[in-house]
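S.K.: Pasting a structure here, questions to come.
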């Protein structure tokens, strides 16, 4: 049986090289008798309907899978409607991802959807395809909700998280037709050595995911197995623009022994001399305990630096501990952030700082403190997201009090001339729609975001121009022209030019 899995990214964001879809399609191709292809809208945004028709004609799938994130809900619905109207009224449509896992009742009621996969999809999708190819119903297959031929909704038992993620095949990124275009814009490849996260920050979806699916959510791969995969991809793509590995693990250096073993294997493989890597961390990950004033684990940072870690990405989130810890429940102190950034700079490691603007109860003063904290920490590549609760609602989870009714009224009253986000911007985590607030208007928070970016972008551009001189402008011209030609979101193309293009990747 043939299934085509759609990445419905119409936002114009050039970084949506979905690891989950890649694992899913690879698993079907390597571990089952079925075949899977990936259809990607990312660089087909202006012609996605024509593209979809053409793919139906050439690939002739027996089933369609769609990756469903909350930001892409409109794109998912548009895709399903188009398929049912112009391509096939009967082909089974299967959706999966974080959104349907956390909102399964809403997902299965979407017109045109036949099956909703809950949790990880490798084993569940394999069982679905086995049943469909044999002409059997889906009754009893764990990990899904489905509609019968009569329209009845049936929920099967949940399927626990996969226990041994070392058993999964290395993902095959050649399944992405535009993999070379991704390398042009990103210079990196997303990789996964852990699944899940042990922390419970409420601005993230990990906490509700742990509650939704049984079993152990946070799992490690064997470090040697992980390094073998990175080496496999390096040999495959080293001449096609793969210049830095990006482990997409939420807290890469969390476990001290695991981190040491990974670094040893990375050096032993020879990758430390050929392929730098970039990791996610937290402001408290390099401390030997959580006590205020605790000792920084410089040895762990030295292991990473010696292995080839060139970049560390840290969630600053807010300049105030009230927002960071009481509201977002990050539990990271200002002291820990200051010490971490100080040591990162000591080892000449590039830093990316992630910030959220416009969270629940956040005031103008809180936001100004976020700007000041970034000035103090001086990350090389600061990013300022507009806060979005994504799939789950913090007020319904009982984690944040409802306080936006007044803000909604004030917002409507204040903002007669609103700064409107485009539909593409709203579907990105960078430029989402601000939530109503009693402390500021939507216009104010959008202008504040642009102010933050203007300050740090001007600073970074000046540094790059001084180093690169005329090369900066030549590279900028070619990069932006390429982004325009593929129909990308030009704000995001510009951001990736400053962070990942050419010499800028390691500056």
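S.K.: Among the residues of segment 418-430, are any surrounded by 14 or more Cβ atoms within 10 Å (Cβ to Cβ) and within 20 Å of residue 319 (Cα to Cα)?
M.R.: yes
S.K.: In segment 474-490, is there at least one residue being within 21 Å of residue 375 (Cα to Cα) and either in the same structural domain as residue 385 (by TED's automatic domain parsing) or at pLDDT 95 or above (or both)?
M.R.: no
S.K.: Taking the condition under 22 Å from residue 185 (Cβ atoms) and either touching a helix residue (DSSP H, G or I) at 6+ places or on another chain (Cβ under 7 Å) or not assigned by TED's automatic domain parsing to the domain that holds residue 19 (or both), does residue 234 pass?
M.R.: Judged against the criteria, residue 234 is a match.
S.K.: Then there's this: Let me confirm something: among 133, 88, 167, which residue is farther than 18 Å from residue 64 by Cα and surrounded by fewer than 17 Cβ atoms within 10 Å (Cβ to Cβ)?
M.R.: Only one candidate passes the filter, namely 167.
S.K.: Right, here's the next one. Can you confirm whether residue 27 is part of a helix (DSSP H, G or I), closer than 21 Å to residue 182 by Cα and under 23 Å from the mean Cα position of the chain (by Cα)?
M.R.: no
S.K.: Continuing with the same structure: Pick out, from segment 420-507, the helices (runs of 4 or more DSSP H) lying fully within it that include 1 or more residues that are touching a residue at least 12 places away in the same chain (Cβ under 8 Å) and closer than 23 Å to residue 203 by Cβ.
M.R.: In segment 420-507, the matching helices (runs of 4 or more DSSP H) lie at 423-426, 442-468, 490-500.
S.K.: Let me ask something else. When the residues of segment 360-369 are filtered to those that are assigned to a helix (DSSP H, G or I) and in contact (Cβ under 8 Å) with a residue 60 or more places away in the chain, which remaining residue is farthest from residue 318 (Cα to Cα)?
M.R.: 364
S.K.: In addition: Residue check: is residue 172 modelled with pLDDT of 95 or more, over 30 Å from residue 501 (Cα atoms), in contact with a helix residue (DSSP H, G or I) (Cβ under 9 Å, 6 or more places away or on another chain) and outside the structural domain of residue 68 (by TED's automatic domain parsing)?
M.R.: Considered against the rule, which asks whether it is modelled with pLDDT of 95 or more, over 30 Å from residue 501 (Cα atoms), in contact with a helix residue (DSSP H, G or I) (Cβ under 9 Å, 6 or more places away or on another chain) and outside the structural domain of residue 68 (by TED's automatic domain parsing), residue 172 comes out as no.
S.K.: Can you name every one of the strands (runs of 3 or more DSSP E) wholly within segment 95-198 that holds 1 or more residues which are without any contact (Cβ under 8 Å) to a residue 40 or more places away in the chain?
M.R.: 115-117, 144-147, 153-155
S.K.: I'd like the full set of residues that are loosely packed, with under 13 Cβ neighbours inside 10 Å and on the phi < 0 side of the Ramachandran plot, limited to segment 138-164.
M.R.: If the condition is that a residue be loosely packed, with under 13 Cβ neighbours inside 10 Å and on the phi < 0 side of the Ramachandran plot, then 139, 148, 149, 150, 152, 157, 163, 164 are the ones that fit.
S.K.: For the list (1) surrounded by fewer than 20 Cβ atoms within 10 Å (Cβ to Cβ); (2) in contact with a helix residue (DSSP H, G or I) (Cβ under 8 Å, 6 or more places away or on another chain); (3) not in a strand (DSSP E or B), I need the number of the one condition that residue 345 fails.
M.R.: (2)
S.K.: Which of the numbered conditions does residue 229 fail, given that it passes all the others? Conditions: (1) in contact with a strand residue (DSSP E or B) (Cβ under 9 Å, 6 or more places away or on another chain); (2) under 28 Å from residue 336 (Cβ atoms).
M.R.: All conditions are met except number (2).
S.K.: Please work out which one of (1) out of contact with any strand residue (DSSP E or B) (no Cβ under 7 Å at 6 or more places or on another chain); (2) assigned to a loop (DSSP other than H, G, I, E, B); (3) at pLDDT 95 or above is the condition residue 379 fails and give its number.
M.R.: (1)
S.K.: Going through segment 191-210 one residue at a time, which ones are farther than 18 Å from residue 387 by Cβ and out of contact with any helix residue (DSSP H, G or I) (no Cβ under 9 Å at 6 or more places or on another chain)?
M.R.: Across segment 191-210, the qualifying residue is only 210.
S.K.: Condition (residue is in a helix (DSSP H, G or I) and either under 23 Å from residue 489 (Cα atoms) or in contact with a strand residue (DSSP E or B) (Cβ under 8 Å, 6 or more places away or on another chain) (or both)) applied to segment 10-18: is it met by at least one residue?
M.R.: no
S.K.: Any residue at all in segment 319-333 that is under 27 Å from residue 452 (Cα atoms), buried (at least 18 other Cβ atoms within 10 Å of the Cβ), under 22 Å from the mean Cα position of the chain (by Cα) and without any contact (Cβ under 8 Å) to a residue 24 or more places away in the chain?
M.R.: yes
S.K.: A further question on this structure: Just name the residue that is farthest from the chain's Cα centre (by Cα) out of those in segment 199-224 that are part of a helix (DSSP H, G or I) and more than 20 Å from residue 429 (Cα to Cα).
M.R.: It comes out as 224.
The values are calculated or read from the model by the stated rules, or taken from the named source; none is laboratory data. Every value quoted in this text rests on a predicted model; they were computed, and no experiment measured them. Don't worry about glycine lacking a Cβ; one is built from the backbone with ideal geometry, like all the others, and counts go over all protein chains shown.
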